[in-house]
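K.L.:
The structure's right below; bear with me while I get my questions together.
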Amino acid sequence: MTEKKFKTNHQAHEGKKMEAPADEEISPEAEIEELKSKLADSKAKVQEYLDALQRERADFMNYRRRIEQENAQVSRTASGTTIKKFLTAIDDLERALAHRPADDAWSNGVDLVYRKFLTILEAEGVERIRAEGQPFNPEFHEAIMQEPSDKYESGTVIAVLQQGYMQGDRVLRPALVKVAQ
């Protein structure tokens with residue numbers, strides 16, 4: 001069998017022509033079709049690589065967003081844990097202020113410290129749970145007493161015995177309440 005000889009791009013650009021037997025010459029139309037086929041294959045590979053790159057980029061963006069959300073959640077959890085430790089000190093300040101002597105300079109200083117604590121809680125997104133006069137909700141309230149009441153209907157919070165707090169949508173500490181029977 002005779003060896004087929006084709007023109008290469010390099011040889012075509014340099015103007016060199018290979019001589020092949022007349023019956024085995026490639027027609028310009030066949031050469032164009034072959035080049036079109038190679039171009040289509042190359043375009044398909046480019047599209048495949050582009051699709052893979054876009055998928056990887058989207059996966060990376062999703063990964064980055066997920067890590068940022070997880071870091072924010074860890075930060076909120078750590079912040080909430082620390083804040084819960086201060087809530088007992090705030091409770092003690094509230095009790096001290098409830099029984100303070102009138103116009104005492106020392107008790108005014110305690111009041112100032114208490115207001116600073118409340119400012120810090122507010123800056124951290126911590127809010128008091130509204131309880132008194134609200135229907136009892138076990139997600140936000142912890143009932144420790146029940147009492148008959150003419151003023152409130154059954155299942156309503158009559159009094160808050162210990163204030164509850166939330167940070168965003170997370171309950172840091174439920175309110176300890178007395179509920180109407």
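The values are calculated or read from the model by the stated rules, or taken from the named source; none is laboratory data. Everything numeric in this text was worked out from a predicted model, so none of it was measured. Ideal geometry is used to build each Cβ from the backbone, glycine not excepted, and the neighbour counts take in all protein chains shown.
K.L.:
Determine if the range 126-148 includes at least one residue that is out of contact with any Pro (no Cβ under 7 Å at 6 or more places or on another chain), at pLDDT below 90 and more than 30 Å from GLN181 (Cβ to Cβ).
P.N.:
Checked against the condition, which is being out of contact with any Pro (no Cβ under 7 Å at 6 or more places or on another chain), at pLDDT below 90 and more than 30 Å from GLN181 (Cβ to Cβ), the range 126-148 yields no hits at all.
K.L.:
May I ask you to say which residue of ILE129, ILE158 is surrounded by 13 or more Cβ atoms within 10 Å (Cβ to Cβ), in contact with a Gly (Cβ under 9 Å, 6 or more places away or on another chain) and touching a residue at least 40 places away in the same chain (Cβ under 8 Å)?
P.N.:
Result of the check over ILE129, ILE158: ILE129.
K.L.:
Then there is this: Could you check how many residues of the range 90-119 are loosely packed, with under 12 Cβ neighbours inside 10 Å and of a type in the set (A, V, I, L, M)?
P.N.:
Final tally of qualifying residues: 4.
K.L.:
Can you pull out every residue in the range 89-124 that is among the hydroxyl-bearing types (Ser, Thr, Tyr) and in contact (Cβ under 8 Å) with a residue 24 or more places away in the chain?
P.N.:
Within the range 89-124, just TYR114 meets the criteria.
K.L.:
Which condition number does GLU122 fail, the rest of (1) charged (D, E, K, R); (2) assigned to a loop (DSSP other than H, G, I, E, B); (3) closer than 27 Å to ALA78 by Cβ being met?
P.N.:
Of everything listed in (1) charged (D, E, K, R); (2) assigned to a loop (DSSP other than H, G, I, E, B); (3) closer than 27 Å to ALA78 by Cβ, GLU122 misses just condition (2).
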